[in-house]
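The values are calculated or read from the model by the stated rules, or taken from the named source; none is laboratory data. Computed from a prediction, not measured in an experiment: that's the story for all the values here. Cβ: placed from backbone, ideal geometry, glycine included. Neighbour counts: every protein chain shown.
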Amino acid sequence: AEVAPGAVHVPDWLEPGRQRDLLEACREWARPPAGLRTVRTPGGGTMTARQVCLGWHWYPYAYARTVVDGDGAPVKPFPQWLGELGREAVRDALGPPEAPYDIALINFYDGDARMGMHRDSDEKSDAPVVSLSLGDTCVFRFGNPETRTRPYTDVELRSGDLFVFGGPSRLAYHGVPRVHPGTAPPELGLTGRLNITLRVSGL
Ligand code: MD3
Ligand code: FE
């Protein structure tokens, strides 16, 4: 479903076997060094979703090759198979992809975690962002490129869903106002929600 120009939601894109494999990979990536961390913003805030990065390390509001706001370790490599998954996702949602993916940001949400309305503008490329969801269902709020406020569209994202944000939607405001605890597919064995975004750094 095209939620806005360039913003395409594909429910159930990842079949259960691929969800399980991706979750297993996320569990490995979450381990130290350069593992799951709490992100602190320059204004003194704390993000409630915890994060691990592959390829490039994101910190508010830039990219680095080491965990400059954590243990200082080199960022984990971005695996080739994940780049291929990203290109397959873009092909299915929008059409043939252009640039190769080289960043993954993996956010883990427990039942109380949220993500406020923001734009993703730290990448130097305008290539589409690919989002994959695992575990608990959330409310994803898709806004507009001009303001943090209405108009917006709320969409439920479930385990296995794909969302691709390209073209005029690439710089739209968006956030996660809530997660529905206990809604993950029981056979996945995940308490909480994981979101994997694949990006092109342009660096
Ligand atoms: C629209 N993640 O990592 S996924 C993020 O569910 C982020 O963890 C949310 O916002 C999450 O920055 C939302 C959907 C998403 C991801 C990236 C986007 C929507 C986007 C980039 C541009 C426009
Ligand atoms: Fe975002």
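In the list 121, 131, which residue meets the criterion of being outside any strand (DSSP E or B), within 16 Å of ligand 2 (Cβ to nearest atom) and either closer than 23 Å to residue 54 by Cα or modelled with pLDDT under 95 (or both)?
Of the residues listed, the single one that is outside any strand (DSSP E or B), within 16 Å of ligand 2 (Cβ to nearest atom) and either closer than 23 Å to residue 54 by Cα or modelled with pLDDT under 95 (or both) is 121.
Being over 21 Å from residue 188 (Cβ atoms) and out of contact with any Pro (no Cβ under 6 Å at 6 or more places or on another chain) narrows it down to one residue among 52, 75; which is it?
75
Select, from 147, 137, 191, the only residue that is touching a residue at least 12 places away in the same chain (Cβ under 8 Å), more than 14 Å from ligand 2 (Cβ to nearest atom), buried (at least 19 other Cβ atoms within 10 Å of the Cβ) and not small (Gly, Ala, Ser). Please lay out each step first, then the result.
On the way: 147 fails: buried (at least 19 other Cβ atoms within 10 Å of the Cβ); 191 fails: buried (at least 19 other Cβ atoms within 10 Å of the Cβ).
None of the other options fit; the residue is 137.
What's the total number of residues in the range 166-183 that are surrounded by 19 or more Cβ atoms within 10 Å (Cβ to Cβ), within 12 Å of ligand 2 (Cβ to nearest atom), farther than 9 Å from residue 138 by Cβ and of a type outside the set (Phe, Trp, Tyr)?
Of the residues in the range 166-183, 4 are surrounded by 19 or more Cβ atoms within 10 Å (Cβ to Cβ), within 12 Å of ligand 2 (Cβ to nearest atom), farther than 9 Å from residue 138 by Cβ and of a type outside the set (Phe, Trp, Tyr).
Inside the range 165-202, can you point out the residues that are in contact with a helix residue (DSSP H, G or I) (Cβ under 9 Å, 6 or more places away or on another chain) and either more than 14 Å from ligand 1 (Cβ to nearest atom) or not in a loop (DSSP other than H, G, I, E, B) (or both)?
Matches in the range 165-202: 185, 187, 188, 189, 190, 194, 196, 198, 199.
With the checklist (1) surrounded by fewer than 17 Cβ atoms within 10 Å (Cβ to Cβ); (2) away from ligand 2 (no atom under 16 Å from the Cβ); (3) touching a residue at least 24 places away in the same chain (Cβ under 8 Å) in hand, flag the one item residue 55 doesn't pass.
Evaluating residue 55 over (1) surrounded by fewer than 17 Cβ atoms within 10 Å (Cβ to Cβ); (2) away from ligand 2 (no atom under 16 Å from the Cβ); (3) touching a residue at least 24 places away in the same chain (Cβ under 8 Å) leaves (1) as the failure.
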